[in-house]
Amino acid sequence: RLVHLDLKGAAPRAQYLEQVLPLLRALGATGLLLEYEDTFPYAGPLELLRAPHAYSPAELRALLSRARAQGLDVVPLLPFPLQFVLKHREFAHLREVKELPNALNPHKEESLALVKAMIDQVMALHEDLEWFHIGCDEVYYLGEGEESKQWLQQQDNTPEKLCLAHIKAVATCLASSYPMVTPIVWDDMLRGMSEETLAGSGVPQLVQPMIWDYAADIDVEGKVQLIEKYHRCGFSKVWFASAFKGATGVNQSLTLIGHHLRNQLQWLQVASRSPADGLEGIALTGWQRYDHFSVLCELLPVAIPSLAVCLQALKNGGYSEKVKENVEKLLGMSNLEIDTFMSTSLGTFPGSNILTLVTQVSFYLKSSVDELLERNRYVTGWFSPYHRKRKIIHPIIMHHFQPDAVSLLSKWNAVVQDLEAAMEQVFHKCTIEEWMEENVHPSLQKLQQMVDDLDEA
């Protein structure tokens, strides 16, 4: 049971992750799937890939050693096709399609040299790895570059074969230097391929596919058939990937636990109908962005109750009142709601104050400001945009809403100040800035502007 930490957005400080590890272990996690992306401390010619808030080698070593001490396996994930690399001008010449940083050109020797250099640096910081996830999902635009088009014109060459050759090249690159490590790949590019194509590619002998589906109503029968197909093609083991957050809306700020719990329960059904010796494990994904360029979805501390419910359901083979009580005890929460966003109890887990404050902002900030600015008859009738622009207001009317506007503004400013202080313990400045600009500033600035206009008028 791997917990996926997606670090390509809102990457928590290393100290926070260290605080969370014992809780993950207690909840039933047996490992971590670490998707570093630009937070890995790349060095040498690759140094330009590091984000300003990337972890230092010392921080990573400490975190990995703490994970080992907790008995957690670590599986690094390098998300080929490498959007975070190909966006840089210095690596743009390795793009499959010149204008798009979506896929690596598989025909250039330099592409594979880059892959090897990245794998080597990640491997150098990790000890005793059993698996290494090489991504390979949603490789859009592979086959649309000039060299690929020429390759595809040759007899018997197909887009499927190009994709498999690419996966094989990356997996071989890993296997030749690190024969003890098994590569894992996302399975979505493989699903539609014929058994004949897959079996003949040599890929099943090299990698383990991770079948992902984050829906609350998985097609269980279809998944069982897919697993059987993969086994017939020669894959020795498969993985599943469920989700505990980051899969229900690209700019979602709160996690609907019920959706993710149902997702795990469906995967348990798939597992119960699959041969046990063919299943390696499950990764509970926690996407932080849908891709390198999209906005943030739920922050990790906000989703810890969902992760707790999901892990415990998987560990106990289902969700019952007893499991719920255990989750509440481990999180220090008195009453955990799974079918509403409202988490009324506070909790004592690391970052629980962020969940409380984010819930408040997500539920009430926009609605309270809209209530005043768009549904208060004195504002809409006597202080409309027309009046505000010309600074016209009847003095008596002001008394009907100015005190409300001022007190609402001071209330929200205080909440936001508390939230910023709580977030500073867990996140770097860039994350706080991005989250506030997306979720707080639009409403707060409207309210502030209204109070300023009133003062001027």
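The values are calculated or read from the model by the stated rules, or taken from the named source; none is laboratory data. All values derive from a computational prediction rather than experimental measurement. Heads up, the Cβs are rebuilt from the backbone with ideal geometry, glycines too, and the neighbour counts pull from every protein chain shown. For the accessible areas, the whole protein counts, side chains as well, though only heavy atoms, and no ligand, DNA or RNA atoms are used. Shrake-Rupley method; radii C 1.70, N 1.55, O 1.52, S 1.80 Å.
Rounded to two decimals, what ratio of Rg to Rh does segment 353-456 give with C-alpha atoms and a Kirkwood Rh?
1.05
What angle, in degrees between 0 and 90 and rounded to the nearest 10, separates the Cα long axis of helix 321-331 from the longest principal axis of the Cα atoms of the chain?
It is inclined by approximately 70 degrees.
For segment 139-147, in order, what is each residue's ³J(HN,Hα) by Karplus, 6.51 cos²θ - 1.76 cosθ + 1.60 with θ = phi - 60°, in whole Hz (x at glycine and Pro)?
Listing the rounded values in order: 7, 5, 6, 5, x, 9, x, 4, 5 Hz.
Using alpha carbons only, how many angstrom separate the centre of segment 37-59 from the centre of segment 65-135?
Segment 37-59 and segment 65-135 have Cα centres separated by 12 Å.
I want the antiparallel fraction of DSSP beta bridges within the chain, as a percent rounded to 5.
5 percent
Using +1 on the beta carbon of Lys and Arg, -1 on that of Asp and Glu, and nothing else charged, what's the dipole of the chain about the Cα centre, debye to 20?
That gives the chain a dipole magnitude of about 560 debye.
At q = 0.15 Å⁻¹, what log₁₀ I(q)/I(0) does segment 206-269 have when each alpha carbon counts as one equal point scatterer in the Debye sum?
-0.52
Taking H as built 1.01 Å from N, whose amide H comes closer than 5 Å to the amide H of residue 102, not counting residues under 5 places away?
97
For the pair residue 236 and residue 48, what calculated FRET efficiency results from E = 1/(1 + (r/R0)^6), where r is the Cβ-Cβ distance and R0 = 35 Å, to the nearest 0.05?
For R0 = 35 Å, the calculated efficiency reads 0.35.
Using only alpha-carbon positions, what ratio does the radius of gyration of segment 1-155 give when scaled by 2.2 N^0.38 Å?
1.15
So if I take the alpha carbon set of segment 1-87, get Rg, then get Rh from the Kirkwood formula, what is the Rg over Rh ratio?
Radius of gyration relative to Kirkwood radius: 0.98.
Can you tell me the Rg and Dmax of the chain, counting just the alpha carbons, in angstroms?
Just the Cα atoms of the chain yield Rg and Dmax of 25.1, 84 Å.
222 nm [θ] for the chain, helices only, -39500 (n - 2.57) per DSSP H run of 4+, per residue, to 500?
Taking each H run of at least 4 residues, the total per residue is -15500 deg cm²/dmol.
Taking the Cα centre of each part, how many Å lie between segment 200-228 and segment 243-264?
What the calculation gives is 21 Å, centre to centre.
Cα convex hull of segment 61-152: mean projected area in nm², to one decimal?
6.9 nm²
With a/c under 1.5 counting as rounded, go ahead and sort segment 156-231 into rounded, prolate or oblate using the C-alpha gyration tensor (a ≥ b ≥ c being the square roots of the eigenvalues; past the cut-off, prolate if a/b is larger than b/c, else oblate).
Oblate is the answer for segment 156-231, as a/c is 1.5 or above yet b/c matches or exceeds a/b.
List the residues whose amide H sits under 5 Å from the amide H of residue 243, counting only those 5 or more places along or on another chain, with H placed 1.01 Å from N in the peptide plane.
285
Segment 100-136: which GluC sites (Glu not before Pro) are DSSP loop and have at most 16 other beta-carbon atoms within 10 angstrom?
Filter output for segment 100-136: 127, 130.
Using the heavy atoms of the protein chains alone and a 1.4 angstrom probe, what is the accessible area of the chain per residue in square angstrom?
Roughly 43 Å² per residue, with all protein chains present.
How would you rank 23-31, 151-159, 73-81, highest first, on the average number of other Cβ atoms within 10 Å across their residues?
Ranking, from highest mean packing down: 73-81, 23-31, 151-159.
So what J values fall out for segment 185-198 if you push phi through Karplus, 6.51 cos²θ - 1.76 cosθ + 1.60 with θ = phi - 60°, rounded to Hz, Gly and Pro as x?
10, 5, 9, 5, 6, 9, 3, x, 7, 6, 4, 4, 4, 5
Once the Cα gyration tensor of segment 105-220 is diagonalised, what are the square roots of 5 times its eigenvalues, in whole Å and ordered largest first, as equivalent ellipsoid semi-axes?
Each semi-axis is the square root of five times an eigenvalue, giving 23, 21, 13 Å.
Give the carbon-plus-sulfur fraction of the accessible surface of the chain in %, rounded to a whole number; probe 1.4 Å, heavy atoms of protein chains only.
That share works out to 50 percent.
Using Cα atoms only, what is the angle between the long axis of helix 57-69 and the major principal axis of the chain, expressed in degrees (0 to 90) to the nearest 10?
Relative to the chain, helix 57-69 is tipped by roughly 80 degrees.
P(r) of segment 79-131 in 10 Å steps, Cα pairs, percent per bin?
All Cα pairs considered, the percentages come to 25, 49, 21, 6.
Could you pull out every residue, at least 5 positions away or on a different chain, whose amide H is within less than 5 Å of the one on residue 279? Hs are placed 1.01 Å off N in the peptide plane, and Pro or chain starts have none.
It is 238, by chain and number.
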